[in-house]
Amino acid sequence: GVSILVGIALGIAAIFGWRYWVSHRDARAEQASLAYDVFIEAVEKPDIAQAQQRGQALLADFPHSAYAALATLRLAKLAMDSGDPATAIQRLQWVIDHAELAEFQEIARLRLARAFFAAGQLSEAEKQLERVNAASLTAEREELRGDLALAGNDPARARTAYAAALAAGAS
């Protein structure tokens, strides 16, 4: 009889433990979503300092969430828009290293290649571009490849890349 009671107690404890874990996980996801909403509101106001502060808070509080990767991609864009490619490069590298979704990593690689291009580091841009493999980013990848070839004084290669970008965009 004692083993049956212990089994029942363990089963009840497991059920309540599981429910607590699911509730905790959902509450954290909701908190991360709300923090991301606050961050986006700050970004949409032209207050870069507040947006950066909100983004850093989101990264500190929810570093393993998809919202952290999204916020970091947005912070990198803000850095590029303000003429700071070095900060954008750091932020994009963070997304590549920490994002759990491969799609975010691919987007970050493409944007990192653009940041290197903007910083005049053509060879680094080319290296990052070679690592972008997502079919959904083919047109953007080939367009940037054409821009890099044009910057490198290779119009034939640029023309080929631009044609590939047009073909990928049409399909």
* Looking at TYR36, TYR67, which is the one that is within 18 Å of ARG111 (Cβ to Cβ), of a type in the set (Phe, Trp, Tyr) and in contact (Cβ under 8 Å) with a residue 24 or more places away in the chain? -> TYR67
* Could you please find all residues in region 153-169 being farther than 24 Å from PHE104 by Cα, in contact with a helix residue (DSSP H, G or I) (Cβ under 6 Å, 6 or more places away or on another chain) and open to solvent by 40 Å² or more (accessible area, probe 1.4 Å)? => ARG157, TYR162
* To do: Output the qualifying pairs, or none if there are none: Cβ atoms under 7 angstrom, residues six or more apart or on different chains, first residue in region 43-60 and more than 17 Å from ALA32 (Cα to Cα), second residue open to solvent by 60 Å² or more (accessible area, probe 1.4 Å).
  => ILE48/SER82
* Residue check, GLU142 against (1) open to solvent by less than 90 Å² (accessible area, probe 1.4 Å); (2) farther than 19 Å from GLN105 by Cα, all met but one. Which one? -> (2)
* **Enumeration of residues in region 56-92 that are of a type in the set (Gly, Ala, Ser) and farther than 16 Å from ALA29 by Cα** => ALA76, ALA79, SER82, GLY83, ALA86, ALA88
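Determine whether TYR20 is among the aromatic types (Phe, Trp, Tyr) and open to solvent by 80 Å² or more (accessible area, probe 1.4 Å). Spell out how you get there, then give the answer.
Numbers: among the aromatic types (Phe, Trp, Tyr): yes; open to solvent by 80 Å² or more (accessible area, probe 1.4 Å): yes.
It is true that TYR20 is among the aromatic types (Phe, Trp, Tyr) and open to solvent by 80 Å² or more (accessible area, probe 1.4 Å).
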* Return the pairs, sorted by first residue and then second, in which the second residue is open to solvent by 60 Å² or more (accessible area, probe 1.4 Å), the first residue lies in region 150-167 and is assigned to a helix (DSSP H, G or I), the beta carbons are less than 7 Å apart, and the residues are 6+ apart or on different chains. => ALA151/LEU122; ALA158/LEU150; TYR162/GLU143; ALA165/GLU143
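In this structure, is GLY152 among the small types (Gly, Ala, Ser) and within 26 Å of the chain's Cα centre (by Cα)? So that I can check it myself, show each step before the final result.
On the way: among the small types (Gly, Ala, Ser): yes; within 26 Å of the chain's Cα centre (by Cα): no.
Here the answer is no, as GLY152 does not meet what is asked.
The values are calculated or read from the model by the stated rules, or taken from the named source; none is laboratory data. Keep in mind it's a predicted model, so treat the numbers as computed, not measured. Glycine gets a Cβ as well: all are built from the backbone with ideal geometry, and neighbour counts include every protein chain shown. Heads up: the accessible areas ignore ligands, DNA and RNA and are worked out on the full protein's heavy atoms, side chains in. Shrake-Rupley method; radii C 1.70, N 1.55, O 1.52, S 1.80 Å.
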